[in-house]
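The values are calculated or read from the model by the stated rules, or taken from the named source; none is laboratory data. All values derive from a computational prediction rather than experimental measurement. Every residue, glycine as well, gets a Cβ built from its backbone with ideal geometry; the counts of neighbours run over all protein chains shown.
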Amino acid sequence: MTKRYFSYFSFVLIVLFSGCTDSVSKKSTSERSISTNQFQKIKVEAFAAKIQALPNEQLVDVRTPQEFKAGAIQDAVNLNFYDKDFKQQLDKLDKSKPVMVYCKSGGRSGKTLDMLKGMGFTEAYDLIGGYTQWSAVR
């Protein structure tokens, strides 16, 4: 009877290890797809570093034109979050290039980041704390 339990136990272990191997390979495949699609909320210094490091980034300020005129990050393009055609304006951006997005404090840009995820963009970064934090630190 002991030999029978040993055989059963061995069989169960083999099945379990086979299952683990499959889930590990599936996990590594999904991790690879995540690494190609980057959508992150990042702090001011990391945001500034990305602007410098990414030669073809698209820097987008999603505040109102009045907020934009009061001060903005150099070379930013203003796309008003409240415009009725805001999503169509985003859709005109190059989906293959990184998008750096910010607003006043992070609310509108956070929603924009979610929109970009669903629109086929491959890489986007949202400034934590928005322009308020940027102007306080920089």
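Count of segment 44-65 residues, restricted to those that are under 15 Å from Gly130 (Cβ atoms) and surrounded by fewer than 13 Cβ atoms within 10 Å (Cβ to Cβ), is 1.
On inspection, Lys43 qualifies as touching a Gly at 6+ places or on another chain (Cβ under 9 Å), more than 16 Å from Thr112 (Cβ to Cβ) and modelled with pLDDT of 50 or more.
The residues of segment 104-127 that are among the small types (Gly, Ala, Ser), surrounded by 23 or more Cβ atoms within 10 Å (Cβ to Cβ) and more than 22 Å from Ala70 (Cα to Cα) amount to a single one, Ala124.
Among the residues of segment 46-83, those identified as in a helix (DSSP H, G or I), within 14 Å of Tyr102 (Cβ to Cβ) and either under 22 Å from the mean Cα position of the chain (by Cα) or modelled with pLDDT under 95 (or both) are Ala46, Phe47, Ala48, Lys50, Ile51. Against the criterion of being out of contact with any Phe, Trp or Tyr (no Cβ under 6 Å at 6 or more places or on another chain), under 19 Å from Ala53 (Cβ atoms) and surrounded by fewer than 19 Cβ atoms within 10 Å (Cβ to Cβ), Lys69 does not qualify. The one condition from (1) modelled with pLDDT of 95 or more; (2) surrounded by fewer than 16 Cβ atoms within 10 Å (Cβ to Cβ) that Leu93 does not meet is (2).
If you go through segment 104-124 and keep only what is over 21 Å from Ser135 (Cα atoms) and assigned to a loop (DSSP other than H, G, I, E, B), you end up with Met119, Gly120, Phe121, Thr122.
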